[in-house]
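The values are calculated or read from the model by the stated rules, or taken from the named source; none is laboratory data. A quick note: this is a predicted structure, and the numbers were derived from the prediction, not measured. Note: ideal-geometry Cβ built from the backbone for every residue, glycine included; neighbour counts use all protein chains shown. The area values use the complete protein model at the heavy-atom level, side chains included, leaving out ligands, DNA and RNA. Shrake-Rupley method; radii C 1.70, N 1.55, O 1.52, S 1.80 Å.
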Amino acid sequence: MDRRDFLSLLGSTGLLALSPGLSIAAGRNPYERLLILVELKGGNDGLNTVVPYTDPAYFNLRPRIAIKRDEVLQLSDKAGLHPSLQALMPLWQQGELAVIQGVGYPQANLSHFRSIEIWDTASRSDQYLQEGWLARSFARQPAPSDYVADGIVFGSQELGPLLGSGDRAIVLNNPDQFLRQAKLAGQGGTTRNSALAHVLKVESDVTQAARQLAEGKGKPLKTEFPKDGFGNTVRSACQVLAQGKGVAALRLTLSGFDTHQNQPGTQANLLRQLGDGLADLKAGLLELGLWDKALVLTYAEFGRRPKENQSNGTDHGTANVHFALGGKVRGGLFGDGPDLNQLDGNGNLSSSVDFRSLYATVLERWWGLDSAAVLGGHFTPLQLLRS
């Protein structure tokens, strides 16, 4: 078995890793507070997620796919949630759900590949960066060396904001397979063949991280998770956290939001998975004693165009709505609601919140770090967190 074959084997079993991170600096550990990013891959339609149900322009732009006023879950006298997000209403009522409206960036790019690259690297639309914004944060302020990883990715093979040199990130789509592979990798690797031994030596962070997870003493979770794709992703994330090993950030992905056609049924199913999954993520974090130490934040490459298309769907748009959840989140509506009478020349919404302000909130208010050094400029944090 040569190096390429072995790395292919690791990828097929959900066991991947990047280079080891820097040793931790002396002093306080900012990463005692956990960040959980939830990617809504494909570009969720924000207008049908947080619905401007009193705006006649909304119904004029979407005569077929608009959410009916009497179906909306009311948040305010102007905005309400899609009915499939019923599971999030208790968090809203408890003041643990923040709804951030109008999130985007100047000169928005409507390509999936390029726009998610902008979000992952926290770049300008005309700027190309090689490292993810979390990778840059860990390079400047390393996580403790005894953490199992800087970040762990679930539901995707792409590292996104964790991509880049100087970080330790694991793609973990199947924890059980990962632990079985770790056990095999740690048993007699040097006696099987020299090529495998060399790979194990070079990729020592993989086996070390896997062994730490395998040796965890976490208790079995009592929380019951949804039996769907995103529910399984949430369950996997909580299983890893239950091992009791340190990790600074998790990234979970729910795919399928590129709803160019037949949007109503597709989005309803995805939002139900999202709502149910996030509600049970809270339950799992509460069981582990981590709800007050976790910040959950959704993101996507872009929103959708306000005007429906001819295929009962929506095309790529600009500004979007996102959620922040957690025991320390200050619930409420943030940012400006959509102004459907002031669309740009392409029929898209203007943004009122730069997405890098969300990252500045994480870096400054959650982790206590210098956001300007990571983001390459000053972006005003949002008042999403309670002290």
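Points worth noting:
- Using the Karplus relation 6.51 cos²θ - 1.76 cosθ + 1.60 with θ = phi - 60°, the per-residue 3J(HN,Hα) values for the range 337-344 come to x, x, 9, 7, 9, 10, 7, 7 Hz, with x marking Gly and Pro.
- Vicinal HN-Hα couplings computed from phi for the range 372-380 (Karplus, 6.51 cos²θ - 1.76 cosθ + 1.60; Hz; Gly/Pro x): 4, 5, 7, 8, x, x, 8, 10, 5
- Normalised per residue, the accessible area of the range 275-387 is 36 Å², obtained with a 1.4 Å probe and no contribution from ligands, DNA or RNA.
- List Phe113, Phe355, ordered by accessible area with a 1.4 Å probe, largest first: Phe113, Phe355
- Asn309-Thr380 FRET efficiency (beta carbon distance; Förster radius 41 Å; 0.05 resolution): 0.70
- Probe 1.4 Å, all protein chains present, accessible-area order of Glu364, Glu301, Glu32, largest first: Glu32, Glu364, Glu301
- Carbon and sulfur %, accessible surface of the range 232-387 computed with the full protein complex present, 1.4 Å: 43 percent
- Amide H contacts of Arg386: Val329, Arg330, each under 5 Å away and 5 or more positions distant or on a separate chain (H built 1.01 Å from N in the peptide plane; Pro and chain starts excluded).
- Length added when fully stretched, His112-Leu221, from 0.36 nm per residue minus Cα-Cα: 35.6 nm
- Treating each Cα of the range 37-138 as one equal point scatterer and applying the Debye formula with no solvent, the log10 of I(q)/I(0) at q = 0.10, 0.17, 0.18, 0.24 Å⁻¹ comes out as -0.40, -0.93, -0.98, -1.23.
- In this structure, the amide hydrogen of Arg304, modeled 1.01 Å from its nitrogen in the peptide plane, lies closer than 5 angstrom to those of Gly46, Leu47, Gly317, Thr318, counting only residues at least 5 positions away or on a different chain.
- Peptides 269-275, 242-248, 224-230, ordered by how many other C-beta atoms sit within 10 Å of their residues on average, highest first, read 269-275, 242-248, 224-230.
- Taking amide H as placed 1.01 Å from N in the peptide plane, the amide H of Gly80 sits under 5 Å from that of Val51, Tyr53, Leu75, each at least 5 places away or on another chain.
- For the range 238-250, putting each phi into the Karplus relation 6.51 cos²θ - 1.76 cosθ + 1.60 with θ = phi - 60° gives couplings of 5, 4, 5, 4, 5, 5, x, 9, x, 8, 8, 8, 10 Hz, in residue order, rounded to whole numbers and with x for Gly and Pro.
- Label-reachable residues, the range 307-325, where backbone N falls under 13 Å from a point 7 Å from Arg64's Cα toward its Cβ: 308-315
- The residues of the range 40-184 have, on average, 40 Å² of accessible surface per residue, using a 1.4 Å probe with all protein chains present.
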